[in-house]
Amino acid sequence: MNPLVIIGAGDLGCETVALVERINAASSDPMWTLRGLLDDDPARHNSHVRSIPVLGGCDWLDAHPEVACVIAVGHSDVRQRIAARIPADSNPAGVLVDPSVHVPRTASVAEGTIVYAGSVLMENVTLHAHTIVDAQCTLGHDAVLESFATLHPGVRLSGHVHIGSSARLGAGSVVLPQCRVGAGATVGAGAVVTKDVPPGATVVGVPARVVS
């Protein structure tokens, strides 16, 4: 089994511990040995998440370059900053996909990606590095998530949708076919995107409109 740590000991970290357990339980040859969690909040050190220890901060990786890691932090910008601290030649980024999720042969899933239970990936989907697809999302054919993009639970992406780097899509939001959500943009929960969203913009409502 491959050694693994989860960066982030909050609620998403707890969900990710359960995800690792589900992945291991689904195979007669378990994939991961979960060593623990890391979090830069000293208040979390020496605590436990689902009986898994919080080993310390991210500097723990310096002494354990052979251990793979995933970043279970829901905020795209924070996840990107954490990834930048990990040397390129150490601590390979794991890929965690819930056993309930079928990954088509034509799909591409890059390092650091986490896909939670009940999500659906259609043909030719591309997930770049350190993307998060939370529970019950649907990604239509040819959809692209650039690095560090985050889909919260229940997001629906239609075909040929393009989500920019570090963009965040709130729970239950919908993006119609061919639309692009720019880098660093935020789509509010329940919003319906009917046209391109500019980089860095925040959109809400049905249809989605720019509010900042």
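Key figures
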item: Within the stretch 1-80, strands (runs of 3 or more DSSP E) holding 3 or more residues that are of a type outside the set (Val, Ile, Thr) and more than 30 Å from residue 185 (Cβ to Cβ); result: 2-7, 32-38, 52-56
item: Criterion: open to solvent by 20 Å² or more (accessible area, probe 1.4 Å) and modelled with pLDDT of 95 or more - qualifying residue of 119, 147; result: 147
item: Residue that is least open to solvent (accessible area, probe 1.4 Å), among those in the stretch 1-20 that are without any contact (Cβ under 8 Å) to a residue 40 or more places away in the chain and touching a Lys or Arg at 6+ places or on another chain (Cβ under 8 Å); result: 17
item: Residues (open to solvent by 10 Å² or more (accessible area, probe 1.4 Å) and either more than 23 Å from residue 93 (Cβ to Cβ) or among the aliphatic types (A, V, I, L, M) (or both)) located in the stretch 124-139; result: 129, 135, 136, 138
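To keep it simple, each residue is scored yes or no on (1) modelled with pLDDT of 95 or more; (2) among the aliphatic types (A, V, I, L, M); (3) open to solvent by 30 Å² or more (accessible area, probe 1.4 Å); (4) under 13 Å from residue 6 (Cβ atoms).
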residue: 28; (1), (2), (3), (4): no, no, yes, no
residue: 31; (1), (2), (3), (4): no, yes, yes, no
residue: 35; (1), (2), (3), (4): yes, no, yes, yes
residue: 39; (1), (2), (3), (4): yes, no, no, yes
residue: 46; (1), (2), (3), (4): no, no, yes, no
residue: 53; (1), (2), (3), (4): yes, no, yes, yes
residue: 67; (1), (2), (3), (4): yes, yes, no, yes
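The values are calculated or read from the model by the stated rules, or taken from the named source; none is laboratory data. What you are looking at is a predicted structure, and each value in this text was computed from that prediction instead of being measured. Reconstructed Cβ throughout: ideal geometry from the backbone, glycine too, with neighbour counts over all protein chains shown. Just the protein is used for accessible areas: all its heavy atoms, side chains included, with ligands, DNA and RNA removed. Shrake-Rupley method; radii C 1.70, N 1.55, O 1.52, S 1.80 Å.
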